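Trainee: Shown below is the structure under consideration.
Every number in this text was worked out from the coordinates using simple rules, so none of it is lab data. Being a predicted model, the structure only gives us computed values, none of them experimental. Note: ideal-geometry Cβ built from the backbone for every residue, glycine included; neighbour counts use all protein chains shown.
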Amino acid sequence: MGSYVRVTAVKSARSVIVRINDRGPYARGRVIDLSYAAAAALDLPQAGLLIVRIERVGSQEAGS
């Protein structure tokens with residue numbers, strides 16, 4: 001995979017850049033699942049769901 005995306009919390013405008021490393025999410029109705037660290041950077045609420053905007057920012061070169 002190796003694509004990088006900026007995930008921005010719509011309400012707070014906090015953002016974090018994450019690397020996509022699998023084809024998830026595996027829960028219906030979700031667009032992306034974040035690591036604990038990425039979720040904490042966005043100040044994810046206890047409920048575990050957040051409205052976000054996702055933008056592609058780059059990708060890893062093949063073989064690196």
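Trainee: Along the positive direction of the dipole of the range 3-58 (beta-carbon charges: Lys, Arg +1; Asp, Glu -1; about the Cα centre), which of Val7, Gln46, Tyr36 reaches farthest?
Mentor: Checked the options; the winner is Val7.
Trainee: Right, next: Based on the mean of other Cβ atoms within 10 Å per residue, sort peptides 42-48, 14-20, 24-30 so the most packed one is first.
Mentor: Details: 42-48: 11.0, 14-20: 15.7, 24-30: 8.7.
Packing proxy ranking, top to bottom: 14-20, 42-48, 24-30.
Trainee: If you take Rg/Rh (Cα atoms, Kirkwood Rh) from the coordinates, which of (i) 0.97; (ii) 1.23; (iii) 1.48 do you get?
Mentor: (i)
Trainee: What does the charge dipole of the chain about its Cα centre add up to, to the nearest 20 debye, if the Cβ of each Lys and Arg holds +1 and the Cβ of each Asp and Glu holds -1? Show your work: numbers first, answer last.
Mentor: Values: 9 positive and 5 negative charges, 42 e Å.
Dipole magnitude for the chain comes out near 200 debye.
Trainee: Right, something else. Going by how many other beta carbons lie within 10 Å of each one, how would you line up Leu34, Leu49, fewest first? Could the numbers behind the result be given before it?
Mentor: On the way: Leu34 18, Leu49 10.
Placing the least packed residue first, the sequence is Leu49, Leu34.
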